[in-house]
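Reviewing the structure listed below.
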Amino acid sequence: MAAPAPDAAAFFSKLPAPDLQRIIARHLRFSQVMRGSRIVGGLRASLKMRDLRGMDLSGVDLAGADLSGAWLAGANLSATDLSDASLFGADLRGANLQAARLARADLRGALLRGACLDDADLTAADLRSGSLLVWSREAGLAATRGISAAPDGFVDAPGIIRADDFATETDLRHAQLRRAALGHANLSRANLAGCDLSAANLGGAVLENCNLDGAILHATNLATARLSGASLIAATLDDACTDGADLTRIRTARRLDALTKRLKAILAEHEQWVETGGARGSRAVLSDLDLSECDLSGANLSAADLKRCVLRGGNLRGARLLGAELSGIDARQADFKGADMRGARLRGANLRNADLIVTRLAPMPMKRGAPRASDLTRARLTRARLAGSDLRGSILVGGDLAFTDLSGADLSDANLAGTRMEGSVHNTPRIGAPKR
């Protein structure tokens with residue numbers, strides 16, 4: 001029987017605050033020497049595999065520092081100088097890197113999911129795939145995200161191994177990179193699904209085979225970028241500059257041929273499937289399709305699969321979407337007025353300027369077990385109209401409800417953790433009410 005995987009925390013060591021301050025002070029002197037100062041006594045900071053979760057390192061000079069594999073989840077690195085630093089395999093999930101300087105930084109295999117990199121400088125940064133493996137006698141060879149048997153010939157001593165053979169993608173899902181400087185950065189095979197790159201500079205960047213599904217690329221500079229093989233399903237490219245960009249083999253949402261006729265047949269089969277509990281007909285699978293401006297008003301799409309579907313400007317008034325899979329859809333300016341979306345999954349959906357007046361998004365009753373909540377985690381609802389909607393018990397974690405009309409909406413027991421609500425209209429006492 002294989003040995004159980006060791007606790008991930010066993011590979012990270014905490015650093016007392018005084019020791020960290022000394023390392024930073026010595027590194028500052030080191031940086032000054034590198035810039036031509038006559039100051040002596042400096043030493044490059046080595047913080048590899050350190051547990052630095054939640055630490056406030058804002059504005060610190062860590063240029064050229066070694067942070068390989070560092071655990072920096074939730075850390076404050078705003079305005080920090082990390083240019084030329086090694087962050088190979090670092091865990092930066094949820095970290096604040098706003099206005100950080102990351103030019104030429106090694107971010108291969110880094111975890112940046114949900115991180116804020118607005119106004120950050122990542123010029124010529126390396127964001128390709130990669131994994132950190134740690135070898136010790138007790139634990140064997142362990143990746144920071146997974147366990148593998150030790151190959152022959154490895155030295156029996158603690159240490160960090162850069163292993164491209166075990167490479168994992170750089171994870172930037174749902175990260176905020178608005179106005180970020182990414183010119184000539186290498187993002188080959190990186191996962192940027194749902195990432196906000198509005199007004200970012202990606203001129204000359206390498207984005208080959210990367211995942212940009214549902215990404216916001218509004219007014220983004222992609223001039224001369226290499227996007228061959230990239231996936232851009234349900235991505236927003238309004239006003240983006242693609243002059244001279246390599247767009248060969250990119251994947252976008254597909255339009256159905258003879259759309260109206262085929263769609264009617266699919267909907268008829270699905271309705272029969274719903275009414276007979278799956279005995280007859282077939283489930284509608286409309287994922288990755290472009291159904292923009294389609295008329296689906298009153299359609300029964302309960303439990304249908306519409307992942308990453310483009311529904312921009314579509315008419316879904318009064319549609320039945322109970323338990324439907326709608327994650328990653330592009331439904332900007334779509335009309336869902338009066339639709340029944342109880343228990344629907346709308347994770348990362350783009351519903352900007354959508355009409356969701358008197359929509360039902362409360363939990364869906366189940367024959368067995370607890371009701372299924374509507375999941376709008378990280379959904380973009382900026383300037384959407386949700387007046388009179390039923391959002392009781394819905395999950396809106398990390399969502400964007402800025403400037404949204406919530407007048408008369410019921411958000412009792414809704415989970416609004418990390419949700420942006422500035423400028424929203426909610427003249428109702430039924431927001432975030434305690435559970436009864």
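The values are calculated or read from the model by the stated rules, or taken from the named source; none is laboratory data. All values derive from a computational prediction rather than experimental measurement. Virtual Cβ from ideal backbone geometry, glycine too; neighbours counted across all protein chains shown.
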Which is in contact with a Leu (Cβ under 9 Å, 6 or more places away or on another chain), within 22 Å of N76 (Cβ to Cβ) and modelled with pLDDT under 85, of S46, S13, S31?
S31
Within the stretch 400-416, can you find the residues that are touching a strand residue (DSSP E or B) at 6+ places or on another chain (Cβ under 7 Å) and assigned to a loop (DSSP other than H, G, I, E, B)?
L401, A402, L406, S407
Restrict the check to the stretch 73-82 and report whether at least one residue is under 12 Å from A175 (Cβ atoms), out of contact with any His (no Cβ under 8 Å at 6 or more places or on another chain) and at pLDDT below 95.
no
Do you know which residues across the stretch 386-397 are surrounded by fewer than 20 Cβ atoms within 10 Å (Cβ to Cβ) and under 22 Å from A175 (Cβ atoms)?
V397
Just checking, which of T260, T236, T224, T220 is surrounded by fewer than 18 Cβ atoms within 10 Å (Cβ to Cβ), among the hydroxyl-bearing types (S, T, Y) and either at pLDDT 95 or above or assigned by TED's automatic domain parsing to the domain that holds L172 (or both)?
T224
Filter the stretch 144-200 down to residues that are in a loop (DSSP other than H, G, I, E, B) and either closer than 14 Å to L212 by Cβ or modelled with pLDDT of 50 or more (or both), then give me how many there are.
27
Of all residues in the stretch 82-111 being outside any loop (DSSP other than H, G, I, E, B) and in contact (Cβ under 8 Å) with a residue 40 or more places away in the chain, which is surrounded by the fewest Cβ atoms within 10 Å (Cβ to Cβ)?
L111
Exception for N211 within (1) closer than 21 Å to T170 by Cα; (2) touching a Cys at 6+ places or on another chain (Cβ under 7 Å); (3) of a type outside the set (A, V, I, L, M, F, W, C) falls at (2)
Name every residue in the stretch 300-313 that is surrounded by fewer than 24 Cβ atoms within 10 Å (Cβ to Cβ), of a type outside the set (S, T, N, Q) and over 13 Å from A349 (Cβ atoms), in order of residue number.
A303, D305, G313
Filtered residues of the stretch 272-302 (kept if outside any helix (DSSP H, G or I), out of contact with any Cys (no Cβ under 8 Å at 6 or more places or on another chain) and aliphatic (A, V, I, L, M)):
A279, A284, V285, L296, A299, L301
Look through V310, V274, V285 and report the one residue that is more than 29 Å from I216 (Cβ to Cβ), of a type in the set (V, I, T) and touching a strand residue (DSSP E or B) at 6+ places or on another chain (Cβ under 9 Å).
V274
Evaluate the following for A75: is it over 15 Å from the mean Cα position of the chain (by Cα), within 25 Å of D400 (Cα to Cα), hydrophobic (A, V, I, L, M, F, W, C) and surrounded by fewer than 24 Cβ atoms within 10 Å (Cβ to Cβ)?
no
